[in-house]
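Right, one structure below, let's go through it.
The values are calculated or read from the model by the stated rules, or taken from the named source; none is laboratory data. The shown structure was predicted, so the numbers you read here are calculated from the model rather than taken from an experiment. Don't worry about glycine lacking a Cβ; one is built from the backbone with ideal geometry, like all the others, and counts go over all protein chains shown. Please note that ligands, DNA and RNA were not included when accessible areas were found on the heavy atoms of the full protein model with its side chains. Shrake-Rupley method; radii C 1.70, N 1.55, O 1.52, S 1.80 Å.
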Amino acid sequence: DFPSGPLAPWAERALAKYGVTLQLSGIPANPPDYVAANEIAWVPYTIHIWNKLDTNGIMHETGCWNDPQRAGPRVKNLAEKHVLSRQHGVFGYSLGDEIAVRGSCLSPHCLRVYRKYLEQEYGSIEALNDSWGSGYKRFDEIELLDPKDNDGAEAKRQGIYARWYDRQAYQGYNICQYYKQFGDAYRRIDPKAWTGFEGAGEFMDNIDYDLIIRNNQWWAPYPELGDEVIRSLAPRDFPRSNWMGYRKTASPLIRKYWRMVTHGCDAVWWWRWNRLESHHGFLAPWLAPFDATKELLADTAVVRNGLGTLLMKSQPLDDGIAILYSHPSAYATQVETGPSYGFYRSMHAFWVRTLRELRLEFRYVSDRMLRLGEFKPDSARVLILAQAEAIGPLEAAAIRRFAEAGGTVIADVRPGIYTDRCKPRAGSVLADLFGIEAAKPVAARQATANITGPFGDVTLQGMLCDPSVQLAGGQAHGKAGDIPVVIVNKIGKGRAVLLNFSMAGTPDPLPAKSVGKYGKYYPYHPWMQNAADPQASTEFLGRLLASAGVEPVLQVRNLAGGRFRDLEVRRWQNGGIRIISLFRGEYGGGEEEALLKLPEARHVYNLRSGEDLGRTASLSLPVRRGRATFLVLAPEPVPDVKLKLSAQRAVRGQIVRLTASVPGAAGLHAVRVRVKTPAGEVAEWLNRELMVDGRGQGCDLPVAFNDPVGDWTVEATDLYTEKTTTTRYRVR
């Protein structure tokens, strides 16, 4: 929200001073002048999209989203209310917070669109009948099994899982079309408008991340596992963030802030500016930061001094690992014997956590990307099918192409035993890929897996194994009782590995403190399950991935020489410069010394301590819980910043052009510019953060008509070295 009342201009000035560049509000529809006076952009909270039905099963209050007589005029009128916001400067148009991420109703308008959606998905009525086991002659004959069952629960009860899933998938499609109506309307008044929403959309909701991203332009959910999918699937110009705040003490605030930065967010969103109840707002009533806010600002100043922009202009690195987020699999794992293997979100949380423990970076790909050919076989070395029970023929073909081209496919359990519409199969569509026989799926059997062979000897207790699997050309490297495990099958230039067990275990009981104000559980930690033996399974998977040519670039050990636990390491490439973050989150240990071994000697700068560590291939540094440390690895000592002014003398009303450059720079440098008046005071309105290379970057330094005469000092400080270059101009 934004300040109001007699002191609002002073409060707004304070917000800008301490780093706020953006505000979101729904009332009034347009920002007051003092927001513009502080050059703060606006996010108009334009609507809140519910998925609530009236007693007739029609969308409550708004009417059916697909009713052109109601939806069209409402969207048009809403856009017209925000013309003044657009003239002010809109960062993005918000569709609301904690909104619905799927929806449909029992209106004839919705049924009409549902039928068209099914025709679009299946192509022919014969294909739909084959999937559903139905006998329709035309798509316009299709009705719900139960006329009052909006969610398709009756189809699920009858075991017609494809029909049940199609209703769920339609609801995701339907709301995305509704989102798009607003986006199109806002772009008619603001051609480059971004539309999105915040505080909604979690991994446990089994949402279609890919489709939401394709139909919106920004997203700010609550922090949880879904962040990994969003940052992987979203294009680089798709802003993303999380909400924070909700605390009175510094440590949890700082931890949430750094989690956003290290997890690839483009911004930090704080709720709210003015709170005094169970938690504090950004500012205290005396319009200065609370002590906790002040500590956070000091700890994270490096981000606002240029690191944030620098990361946005750098390329995030991964280690050639792709994880499949399969939207239909999130549903297929809920039916028949699927729950005996654990929750879909738990399996993914296990993989994410394990890869981080191994110091390996990854990205997600979606089932839609596989179908559309957007996942290129040479873009990764390993493709992980995490509980990917629902795989269609196009996805299966893409997975085969990946393996044949030399990649390694790793599945944990039951890949492709359902179609991409969740229709059960007699066995896996990828049975031949993994070298197993197709067999009717059965419930998991908990057993101890004894593994031997090329990935080392290891015993994993309490594994949830698939007893239906029988070998048909694949080679097993262990057994769990009589069940074959770690089945390897060569295919083309690559191979497929079926672990044949789930290591995720069952989810933790939900702690009472994690239940939100609406009774919903928000899993902030990315490993919410009881893995049977996380340390042994981590070591085993590390050896398996190493055999596929995937090993950590950085070695991080503790002082005893063992694995440094509970540490996330991220990497970005900036020209010839590499940026590294080390972050121990909420559930890690306390402060501990870490020993880093680099792949080759580089010149290292520690942005947390401000130290130039010189040229080295190994170093030690303290890691504090909840506080990220950023290192810059440069091929050579970075050169000093050079400054050039368009004029050494200026008169009031003139613009002086400053150009900063770093001759011989190996990549972009973040350079913060501060200008001091003749009295030695910082002219905050001239603060700049420039992204500078060898060619340089310029900025204007306007001289106001009431600026004091005398010598003005320009200071340019390189983020990497903290060295400052100074020049001056005289105002007459």
Some residue of the range 25-41 being open to solvent by 40 Å² or more (accessible area, probe 1.4 Å), free of Cβ contacts under 8 Å to residues at least 24 places away in the same chain and of a type in the set (A, V, I, L, M): yes
Here are some residues: Glu636, Glu681, Glu591. Which one is open to solvent by 60 Å² or more (accessible area, probe 1.4 Å) and closer than 30 Å to Glu357 by Cβ? Glu591
Please enumerate the residues belonging to the range 449-469 that are farther than 21 Å from Gln387 by Cβ and more than 35 Å from the chain's Cα centre (by Cα). Asn450, Thr452, Gly453, Asp457
Any residue at all in the range 213-224 that is in a loop (DSSP other than H, G, I, E, B), closer than 18 Å to Leu78 by Cα and under 15 Å from the mean Cα position of the chain (by Cα)? yes
Output the residue which, of all residues in the range 558-570 that are within 21 Å of the chain's Cα centre (by Cα) and open to solvent by 20 Å² or more (accessible area, probe 1.4 Å), is farthest from Gly694 (Cα to Cα). Asp566
I need a count of the residues in the range 198-209 that are assigned to a helix (DSSP H, G or I) and open to solvent by less than 10 Å² (accessible area, probe 1.4 Å). 2
Go through Ser346, Ser366, Ser329 for me and flag whichever is modelled with pLDDT under 95, small (Gly, Ala, Ser) and open to solvent by less than 20 Å² (accessible area, probe 1.4 Å). Ser346
Within 19 Å of Phe540 (Cβ to Cβ), touching an Asp or Glu at 6+ places or on another chain (Cβ under 9 Å) and charged (D, E, K, R): is that true of Arg363 in this structure? no
Hey, could you check the range 76-112 for residues that are in a helix (DSSP H, G or I) and modelled with pLDDT of 95 or more and say which is least open to solvent (accessible area, probe 1.4 Å)? Cys110
With the structure loaded, tell me whether Ala169 is outside any helix (DSSP H, G or I), touching a residue at least 60 places away in the same chain (Cβ under 8 Å) and under 19 Å from Asn215 (Cα atoms) or whether it fails that test. no
Report yes if Val604 is in contact with a strand residue (DSSP E or B) (Cβ under 8 Å, 6 or more places away or on another chain), of a type in the set (A, V, I, L, M, F, W, C), free of Cβ contacts under 8 Å to residues at least 40 places away in the same chain and within 21 Å of Val302 (Cβ to Cβ), otherwise no. yes
Filter the range 42-56 down to residues that are in contact with a Phe, Trp or Tyr (Cβ under 8 Å, 6 or more places away or on another chain) and part of a loop (DSSP other than H, G, I, E, B) and give me whichever is surrounded by the fewest Cβ atoms within 10 Å (Cβ to Cβ). Ile47
Qualifying helices (runs of 4 or more DSSP H) (wholly inside the range 235-321; at least 3 residues being within 23 Å of the chain's Cα centre (by Cα) and of a type in the set (Val, Ile, Thr)): 250-262
When the range 11-31 is checked residue by residue, the ones that are in contact with a Phe, Trp or Tyr (Cβ under 7 Å, 6 or more places away or on another chain) and assigned to a helix (DSSP H, G or I) are Glu12, Leu15
I'd like the full set of residues that are of a type outside the set (Lys, Arg) and open to solvent by less than 30 Å² (accessible area, probe 1.4 Å), limited to the range 234-251. Ala234, Phe238, Pro239, Ser241, Asn242, Trp243, Met244, Gly245, Ala250
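Residue-by-condition table, conditions (1) buried (at least 23 other Cβ atoms within 10 Å of the Cβ); (2) closer than 30 Å to Glu98 by Cα; (3) at pLDDT 95 or above:
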residue	(1), (2), (3)
Ala472	no, no, yes
Gln475	no, no, yes
Ala480	yes, no, yes
Val486	yes, no, yes
Ser502	yes, no, no
Asp508	no, yes, no
Ser514	no, yes, no
Within the set of pairs 6 or more residues apart or between chains, which connect a residue that is more than 17 Å from Ala660 (Cβ to Cβ) inside the range 681-705 to a residue that is of a type in the set (Gly, Ala, Ser) with Cβ atoms less than 8 Å apart? Val703/Ala650; Val703/Gly653; Ala704/Gly653; Phe705/Gly653
